[in-house]
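What follows is a set of notes on a single structure, which appears directly below.
What follows is calculated from the coordinates using simple rules that are stated; it is not laboratory data. Quick caveat, the model's predicted, so the values are computed rather than measured. Because the Cβ atoms are built from the backbone with ideal geometry, glycine has one as well, and the counts that use them run over all protein chains shown.
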């Protein structure tokens, strides 16, 4: 059973339309830790030692955040800069994250159709996340495709949010219980929309 | 006993050094300490000082002159103008009524009417030296009652001039002997008046136009002693001038002080004169103590006790009644009455003058002198009685007069106890965010002032459980404990914890022991009241010294984390009562913090916040692409 750490970064979680529900969907799961970064470090004063201990104590790290400007909210960048120390996360002797699984769980305002060569965002979501993929790579982690909930600006009904949060809960549970096709997830552009396929193999 | 000046100085200094700290330790105050020291070294106990006590006293009286100079320095003319009603109204009536009543009683006791009138005027005086020193010592000078007492004393100082002028008229052989300084050189009255006005004008002119250039000149010379000498020169010079024209030197220097209160050299003058004032005043108090003629007291105990008691009780009653007439509240009234009940040092001067003028017999003067000294010695104990028993009584009474406010159906998520500077800040942040508050405060003035801003503050004692219930603590989610009185804060915290265990308390504490005390009561979050601003000042200080803002912030944050940790640890050591290991741990903690900061210091830069550092990357043996990726 994997221990999962969800690094939640949302500066105004109380106003979020989707993220809040995603977190609530997994909050009660055993072996899942939610680390609410903006709540813990309201002035971005990150406790590096504490964060490193958390990372060491978990097998999978999920970065859950809105997809601000095709990237992460500020605190997550600060976190990345400070916590992933040379000699600890990468470089000589830096092997503390080696073998851990990681992916981004993002919510984006624009529709999925916008994230391709023809759309106004011009690039697939996964391509835009390349810096995170490469960071994971440098730290020797297994990077999975993003869990991306698109079109949150249009998400109006509770039903839509429910679909997403149910899927999220199923994904986290499957990841925890090792019921997911990791090879396939690593190649996926969007594990939210391919969830059926990723989980089916184990169930079958 | 010894006529060597050094030996005498030795006696006085030893007495002061032994008795004053002792008296302070016992809570009796410094003034009483000096007086007791005087009695002890005086002729009736050890006899170290004898007849010369009188001349020492005359010399030491200059301490009073200096004290009034310093008092004047702290009193801007505008402030003095504001006090005109208490000075002339309250002060004038006090002198008139006391003198009249005193004279009436004296005459009724069979003393000739002229002597009686003189005695009345002598008894009306109070002791500027003892009263001001005692008020300052107890931080009471700035209170309502303290200001009134000061005003009355000021008027008494002024009234000495006409009293001195009247005395010769009362004498048996009026006008024959040249004793009055005002009549020196046989000046006619109108000329004296011109001299007086001229002298006062001169003091104002000196203060306004001469002192500033003089000090600027001295500042240029960069001589510390020259400043001190100049300050003393001003005081001595004005005192001399005043004496020459027949005015009270104390009054003159007071006037000079007021004129200089606005000058930029005010603090300079104050610090220069202060030590001299303190020493001389101490000497003066000692000589008052040494002056008491216990032989006389032993021979006429009833008479003396009677006169002292009657005078003090009489003055007390008159002051109290007048205070009421002038609209003072009860604590201020009692303070005024207790403070000024004694007979003052001017009485010594007036008594010897009265004897010179043959207004009455030396025997009577000796008796009265003893009474004056005894009444002065009794003043500090009276202050203690006032402070310990009378004020609490009348103050409580005052508070009770205002009924605690009825709180009807308070049902707000937050309750704030204590709406002073601290509570207000918290409250304003909450209110700005539209959070309804229930606010409690025990300071009626604060309740009214804040009320004028349109904010409803309930007047009431937040340590009372019924009030906590009425304030809606049962349903509230937050209780901000911001009262500034330590004991009260602790009492409130205890009651809230016991009665409403689920209610979250955010508490302000005054100091570390208070912090630990509140924590031990189960208050989870306690905030040291000055920590936040000091912390921010520390960050700004680092910035001024060249640290970049963000670095300064991070360094301070690191230090704060360490400090908070240390605070908890120290709390345990403090609780054990072992002060040695407390201070040892504290020293140790400071060294720890220094080591920690040195590590963090960007100039030394060993390894912290290494994520922003590329030192280790450069040293990395592996040729890694990361060097360019995460580089500087």
Two-site label geometry, residue B:262 and residue B:475: point separation in nm, points 7 Å out along Cα→Cβ: 5.8
Global size of the protein assembly as shown as Cα Rg and Dmax, reported in angstrom: 40.0, 134
Estimated distance in nm for a label pair at residue B:193 and residue B:590, the labels positioned 7 Å out from Cα along Cα-to-Cβ: 6.7
Cα gyration tensor shape for region B:435-533, rounded if a/c is under 1.5, else prolate or oblate: oblate
Surface/4 estimate of mean projected area, convex hull on alpha-carbon atoms of region A:3-123, nm²: 8.5
Scattering profile of chain B at q = 0.10, 0.12 Å⁻¹ [log10 I(q)/I(0), Debye over alpha-carbon scatterers]: -1.07, -1.26
Label-point separation, residue B:217 to residue B:598 (7 Å along Cα→Cβ), nm: 5.4
Chain lengthening between residue B:484 and residue B:432 when straightened (0.36 nm per residue, less Cα-Cα): 16.4 nm
Average beta carbon contacts from partner chains per residue of A:78-85, 10 Å cutoff: 3
Region A:56-174 shape via C-alpha gyration tensor axes, a/c threshold 1.5: prolate
Listed peptides B:9-21, B:538-550 by packing density, highest first (mean Cβ within 10 Å): B:9-21, B:538-550
Cubic angstrom per residue, convex hull over Cα atoms of region B:1-142: 162
Spatial separation of Cα centroids for region B:578-599 and region A:161-191, in angstrom: 51
Relative pair counts by distance (%), Cα atoms of region B:65-145, 5 Å bins: 3, 13, 16, 19, 18, 12, 10, 7, 3, 0
Per-pair calculated FRET efficiency, R0 = 51 Å: residue B:113 and residue B:85 via Cβ, rounded to 0.05: 0.95
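For the protein assembly as shown, what does -39500 (n - 2.57) per DSSP helix run (n ≥ 4), summed and divided by total residues, give at 222 nm, in deg cm²/dmol to the nearest 500?
Estimated from H runs of four or more residues: -19000 deg cm²/dmol.
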In degrees, nearest ten, helix B:30-41 long axis to first principal axis of chain B (Cα): 50
Contour excess over end-to-end distance, with Cα ends at residue B:510 and residue B:25 and 0.36 nm allotted per residue: 172.2 nm
Proportion of all alpha-carbon pairs of chain A beyond 21 Å (%): 51
Nearest-0.05 FRET efficiency for residue B:279 and residue B:502, computed from C-beta distance (R0 51 Å): 0.25
Length added when fully stretched, residue A:44-residue A:186, from 0.36 nm per residue minus Cα-Cα: 48.0 nm
Label zone at residue A:71 (point 7 Å along Cα-to-Cβ), backbone N below 18 Å, region A:6-38: A:9-11
FRET E, pair residue A:33, residue B:405, Förster distance 45 Å, beta-carbon r, rounded to 0.05: 0.40
Semi-axes of the equivalent ellipsoid for region B:545-602, Cα gyration tensor, largest first, Å: 28, 11, 7
Global form of region A:97-167, assessed from the alpha-carbon gyration tensor, a/c cut-off 1.5: oblate
